[in-house]
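This report concerns only the one structure given below.
The values are calculated or read from the model by the stated rules, or taken from the named source; none is laboratory data. In this text the structure is predicted, and so the values were computed from the model without any measurement. For accessibility, only protein heavy atoms count, side chains too; no ligands or nucleic acids. Shrake-Rupley method; radii C 1.70, N 1.55, O 1.52, S 1.80 Å.
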Amino acid sequence: MPYTTEELVKGKSKLENEFDFNAEQHIKDAQAKIDIKLRRKYKVPFADPVPSIIESIATNFAAGFAIEKDYSDRPEKNEPYLAEVLIKRAEADLQDILDNSLLDGMEGVEYAPPSPVEPSELARPAVMSTTPYQSEMDRVLSRWP
């Protein structure tokens, strides 16, 4: 299920040339960005009902992407301020979710399964003795198999 709707994205982006508007692709891009950022902590994609903060973030991302795409097709090629504001707001909200665990305990939100630990993460640096002779304790311990 998509995290936002085409109507919400069109309303937020306020684009005039709706005939060339591919909201579905922008929504998919927004959802992918959200899922990648939250996948280590939460099980994604989110089930229905999607939390309202996720819907808001997806709408901001998709609208920002749509505005960037619309202006990139124009001869003057200047990125509008609104796209930058929407994308930065969505990124800040995503970071806020991670920093403050805003989705914890919400309906339909599950934690991601723990990822397997790589052996390199478990390895610790080996320390070797610089003492030239064995200590009394080392001699006693070396007798045991």
Next item on the list: Would you mind finding the one in Asp138, Asp99 that is assigned to a helix (DSSP H, G or I), on the phi < 0 side of the Ramachandran plot, open to solvent by 100 Å² or more (accessible area, probe 1.4 Å) and at pLDDT 75 or above?
Entry: Asp99
Check: Where residues in the stretch 102-135 are of a type in the set (Ser, Thr, Tyr) and either open to solvent by less than 100 Å² (accessible area, probe 1.4 Å) or at pLDDT below 65 (or both), which of them is farthest from Val44 (Cα to Cα)?
Finding: Ser135
Next item on the list: Filter the stretch 38-77 down to residues that are more than 18 Å from Met106 (Cα to Cα) and open to solvent by 80 Å² or more (accessible area, probe 1.4 Å) and give me whichever is modelled with the highest pLDDT.
Entry: Lys69
